[in-house]
1. What is the spin-label model distance, in nm, from A115 to K209 if the labels are put 7 Å beyond Cα along the C-beta direction?
2. Please give the net charge around R233, taking every other residue with its beta carbon less than 15 angstrom from that of R233, where Lys and Arg add +1 and Asp and Glu add -1.
3. Write down Rg/Rh for region 145-226, rounded to two decimals, with Rg from the C-alpha atoms and Rh from the Kirkwood relation over Cα pairs.
4. Mind sorting S146, S95 by how few other Cβ atoms lie within 10 Å of their own Cβ, fewest first?
5. How many angstrom lie between the C-alpha centres of region 189-223 and region 129-183?
6. State, to one decimal in nm, how far the label point of T188 lies from the label point of A32, with both points 7 Å from Cα in the Cβ direction.
7. Taking just the alpha carbons, could you work out the radius of gyration and Dmax for region 75-168, both in angstroms?
8. Which part of region 127-142 falls in the paramagnetic zone of A176, meaning amide N under 17 Å from the point 7 Å along Cα-to-beta-carbon?
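What follows draws every value from the coordinates through simple rules; no lab data is involved. What you see is a predicted model; the values in this text were computed from it and never measured. Every residue, glycine among them, receives a Cβ derived from its backbone with ideal geometry; neighbour counts consider all protein chains shown.
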Amino acid sequence: MSKSDLFATQAAFYRDFRPTYPAALFDWLAAASPARALAWDCACGSGQATLDLARRFERVVATDSSVPQLEQAELRPNIEYRCEPAEASSLASGSVDLSLVAQALHWFDHAAFFAEVRRVSRPDALFAAVSYNLLAVSPALDAVISDLYWNTLAGCWAPERRHVEEGYRSIAMPFAPVTAPPFALEATWTLAQLVGYLHSWSAVATYRKRHGTDPVAALEPALAAAWGEAAQRTVHFPLAVLAGRV
């Protein structure tokens, strides 16, 4: 299964259950960019970050290699969605103020992608890649989810996933480093939202294809027991930000 096909099968789960990023992150990205004329949301998926960029930049070009993902994205007058790979965009040279990659840099050919970022960027443009790994809810729930991630799904994660686990620290970025303030993604979820989010994991799709069973459905009784009686709980994702001045 190709990476594009893998995320095509998960497109609706991405749209409905993937968390959104904090407003403070986009405020910082806009402030750190040399201008706010054009932002590139690369590997935008179903638009988890695109709409927030569109509120702060005059134009956003959002690209992804998956048509089903793009079909789930919400339209806005100042957003243009394009189906194309990260390493070979149709953006004009020297046109972009901000290149953002949210939860996707680990999938790219890094040398080719960074060359493309350099080509499309205006002088002093900002590059930023953000990622998050495992969420934290409560000790009991965290233990159940950690067992799913590390044990049940062992061998189902693509090798590139290690970059997410490392917070992108091992990716050699060829731009002048920019230090971002600390950011965290927080949301108030029901148990059904948590289950939907777990279904959006790429390794869950791989597991289903290999074994013919749903590992998240099998885990729902344990998740419910660990969740308890609360109608909603706060989920917390620390964000890693790799940023540089082009």
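1. Roughly 2.8 nm, to one decimal.
2. Local charge sum for R233: -3.
3. 1.06
4. Least crowded to most crowded, the residues run S146, S95.
5. The distance from the Cα centre of region 189-223 to that of region 129-183 comes to 18 Å.
6. Each label point lies 7 Å from its Cα, and together they span 3.0 nm.
7. Here Rg and the maximum Cα pair distance are 17.2, 50 Å.
8. Answer for region 127-142: 127-128.
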